[in-house]
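The values are calculated or read from the model by the stated rules, or taken from the named source; none is laboratory data. Predicted, not measured: the structure shown is a model, and the values here were computed from it. In this analysis, Cβ positions are derived from the backbone assuming ideal geometry, glycine residues included, and neighbour counts consider all displayed protein chains.
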Amino acid sequence: MTGRIFHTSDWHLGRQLGRYQRDAEVDAVLDEIIDIADDFVPDLIVHSGDLFDSPRPGLDDLRRAAEALRRLGEIAPVVVVAGNHDTRHVLAFLEFILNRTDHGTGEQARVRFATDARPDGLLVADYPTRGGELTLRIGALPYLHPNRFAYDFTDPALATATYAQRLRTVQADVYRRLAAGRGARDVLVFAAHLFVEGAAPSYSERKISIDSQYATAVTDLPDVAYGALGHIHKPQRVQRAGYPARYAGSPLQMDFGESGDTKSVVLAEVGPDATPRIDPVPLTSGRRLVRLEGTLEEIAQRADRVNDAWVKAVVDVEVPDPLLPVTLAKMLPRATLVSVDERRAGATENVVGQREASAELPGIEELLRDYLSGRGTTGLALDRAMDALAHLQAEPDLDDPAPCCEETLLSAALDGRPLDGLDRAGLLSGADTTAAETTR
């Protein structure tokens with residue numbers, strides 16, 4: 001006897017490729033995902049986070065998410081885990097829209113959202129399989145912003161613990177709740193949006209969220225029948241012997257750093273006595289992302305293999321060629337040129353479109369570091385200010401930010417005030433607190 005789990009993740013609805021929207025292929029790949037789920041006939045569907053790309057999704061993407069989740073909910077119960085790009089308010093609104101007809105019926109909602117990692121807010125739910133022989137018991141852990149630990153978890157023993165140590169405690173709590181009262185026919189499932197050590201990230205994840213200090217040890221993951229993981233866009237299994245867990249990955253290639261990825265969903269069949277069967281199923285609806293480099297002659301030799309794709313071209317030239325985009329467009333009639341760069345010895349010039357990578361231009365981190373260094377902020381104080389910026393950039397909900405002294409540190413650095421007198425744990429003077437509130 002086995003239970004069937006359909007696992008998808010990281011849709012990032014609303015994400016653009018440069019100045020281009022991708023609505024048509026997003027709709028196509030969502031239809032493909034729903035068709036695969038319908039054919040598989042799962043007992044439970046898990047979306048492991050980052051439903052949206054922005055904390056403030058547009059109305060079209062809200063509608064798109066609601067419609068796709070509604071259709072999936074007609075196939076099997078759905079659990080959606082909040083990712084680092086998602087916000088509680090948006091997911092709460094979606095939950096209301098999707099389940100408004102269930103109010104007062106006494107039935108369990110067909111689509112449920114896990115947005116709270118606190119002990120009294122964790123989503124732990126039982127879903128009987130279609131035949132009633134087994135029960136899939138799922139514990140869902142949403143993405144935990146580092147600042148949330150200081151304000152959502154008040155255990156004094158964790159006050160000086162690292163992010164990884166604190167997350168280990170939360171995961172252990174999830175497992176305790178999963179295992180409590182477990183029967184012989186209960187099958188445990190863990191769903192989470194997090195970075196597991198050893199996972200191979202793609203270019204498109206936020207660097208702060210996949211930093212090594214935020215990595216979860218593989219050995220800290222709960223001992224379950226299946227782990228449905230989200231956050232990493234490259235589909236892959238977790239590298240731990242005997243542990244049946246996978247990143248489903250994003251359904252589309254998100255940028256040119258993912259051009260070699262084959263996107264997928266995961267079909268899992270698990271049971272109390274059966275060997276798990278975990279099968280990734282490739283998705284084929286999205287357009288390929290292709291990076292072409294070399295001289296025009298070299299690119300021309302590969303042009304007939306590009307066909308319908310998004311293309312970033314980096315062309316080696318001796319002198320500037322204002323007609324280069326026109327030449328490439330004729331060479332690649334079915335492709336969409338996202339950007340065209342000329343590459344000459346000692347110079348790189350953007351010709352058309354919008355850059356997909358900022359490697360050629362200084363980022364905000366580099367600009368801020370140079371600015372603060374020029375104003376006398378160096379050493380440990382500079383490192384603390386840069387760390388403050390990283391935490392603020394990782395904050396997923398600008399309307400409901402996690403309160404933290406990091407903003408005060410950054411504000412003080414920008415104002416040219418010394419940072420050594422500021423307490424990183426939050427023991428700030430009234431003037432400093434006011435400055436932080438103003439920065440918000």
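One table, with the values for the structure above:
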| item | result |
| --- | --- |
| Only one of Ala248, Ala241 that is modelled with pLDDT under 95 and either at positive phi or small (Gly, Ala, Ser) (or both) | Ala241 |
| Check on Val79, of a type in the set (Val, Ile, Thr), assigned by TED's automatic domain parsing to the domain that holds Ala228 and assigned to a helix (DSSP H, G or I) | no |
| Neighbours by Cβ (under 8 Å, 6+ apart or cross-chain): first from the range 255-275, more than 18 Å from Leu13 (Cα to Cα); second of a type in the set (S, T, N, Q) and assigned to a strand (DSSP E or B) | Val266/Thr8 |
| Single residue of Ala150, Ala192 found to be modelled with pLDDT under 80 and hydrophobic (A, V, I, L, M, F, W, C) | Ala150 |
| Failed condition for Arg118, given (1) part of a strand (DSSP E or B); (2) in contact with a helix residue (DSSP H, G or I) (Cβ under 6 Å, 6 or more places away or on another chain) | (1) |
| Only one of Gly183, Gly230 that is more than 16 Å from Leu141 (Cβ to Cβ) and either out of contact with any Cys (no Cβ under 6 Å at 6 or more places or on another chain) or surrounded by 16 or more Cβ atoms within 10 Å (Cβ to Cβ) (or both) | Gly183 |
| Arg56 vs. criteria assigned to a helix (DSSP H, G or I) and either over 24 Å from Arg277 (Cβ atoms) or not assigned by TED's automatic domain parsing to the domain that holds Ala268 (or both) | no |
| Per-region count, the range 19-59, residues among the small types (Gly, Ala, Ser), farther than 25 Å from Ile75 by Cα and surrounded by fewer than 16 Cβ atoms within 10 Å (Cβ to Cβ) | 1 |
| Filter pass, Asp61 being without any contact (Cβ under 8 Å) to a residue 40 or more places away in the chain and either in the same structural domain as Arg277 (by TED's automatic domain parsing) or in a loop (DSSP other than H, G, I, E, B) (or both) | no |
| Segments classed as strands (runs of 3 or more DSSP E), wholly inside the range 226-317, with at least 3 members that are of a type in the set (A, V, I, L, M) and touching a strand residue (DSSP E or B) at 6+ places or on another chain (Cβ under 6 Å) | 264-270, 288-294, 309-316 |
| Of the criteria (1) in a helix (DSSP H, G or I); (2) at pLDDT 80 or above, which one Thr101 fails | (2) |
| Number of positions in the range 276-297 that are loosely packed, with under 13 Cβ neighbours inside 10 Å and either touching a residue at least 60 places away in the same chain (Cβ under 8 Å) or of a type in the set (D, E, K, R) (or both) | 3 |
